[in-house]
Amino acid sequence: MTVKVQQKDFEASKEVAAMVDGCRNPGAIVTFTGLVRGHEERGKLEALELEHFPGMTEKQLEKVEGEARKRWDLQDCLIIHRHGPLKPKEQIVLVACISAHRSDAFEAASFLMDWLKTEAPFWKKEIYSDGTSWVEAKDADQEKAREWNK
């Protein structure tokens, strides 16, 4: 299990290779890399700024990662989430799940991303040429997250 909250960018291939080296018998790796979108409803986004409370954020990410391990048979799991100012097309998040079988890896990665989109303690501010606005979780994302609790 690894959780990283950092400003610096990451190399997904290197992160995943390090995970695989530590696994006993990996059969499937599912990764998701999220990027900062550049065009939002207000127009062209100049930057997305993510704020968080160090210590608290990592603790919450570790908690949800532990929940994924309880629900699915995972050999390893990684969550990297960046904070600070990010430009469009920059990487913002990496979720990687390794298991013996693909279904566990897919389900766990999907669960983690749905949780990150709705519950992770990050505050996102969009920055445009004419001002800023705070981002709230979308209804569709909230609904997907609720489905995991059924």
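The values are calculated or read from the model by the stated rules, or taken from the named source; none is laboratory data. It should be emphasised that the depicted structure is a prediction, and the values quoted were computed from it without experimental measurement. Cβ: placed from backbone, ideal geometry, glycine included. Neighbour counts: every protein chain shown.
Only residues that are outside any helix (DSSP H, G or I) and within 22 Å of F53 (Cβ to Cβ): list them for the stretch 92-122, please.
The answer is I92, V93, L94, V95, E119, A120, P121, F122.
Out of E90, E46, report the one residue that is modelled with pLDDT under 95 and under 25 Å from I127 (Cβ atoms).
Going through E90, E46 in turn, the sole match is E46.
Given (1) closer than 19 Å to V16 by Cα; (2) touching a strand residue (DSSP E or B) at 6+ places or on another chain (Cβ under 6 Å); (3) surrounded by 14 or more Cβ atoms within 10 Å (Cβ to Cβ), identify the lone condition not met by R69.
For R69, the exception is condition (2).
Please go through the stretch 83-116 and give me each residue that is more than 14 Å from A68 (Cα to Cα) and either buried (at least 18 other Cβ atoms within 10 Å of the Cβ) or among the β-branched types (V, I, T) (or both), ordered by number.
H83, L86, I92, V93, L94, listed by residue number.
Output the strands (runs of 3 or more DSSP E) that fall wholly within the stretch 1-70 and possess 3 or more residues being closer than 26 Å to F106 by Cβ, touching a residue at least 12 places away in the same chain (Cβ under 8 Å) and not polar (S, T, N, Q), or say none.
Filter on the stretch 1-70 gives 2-6, 28-35.
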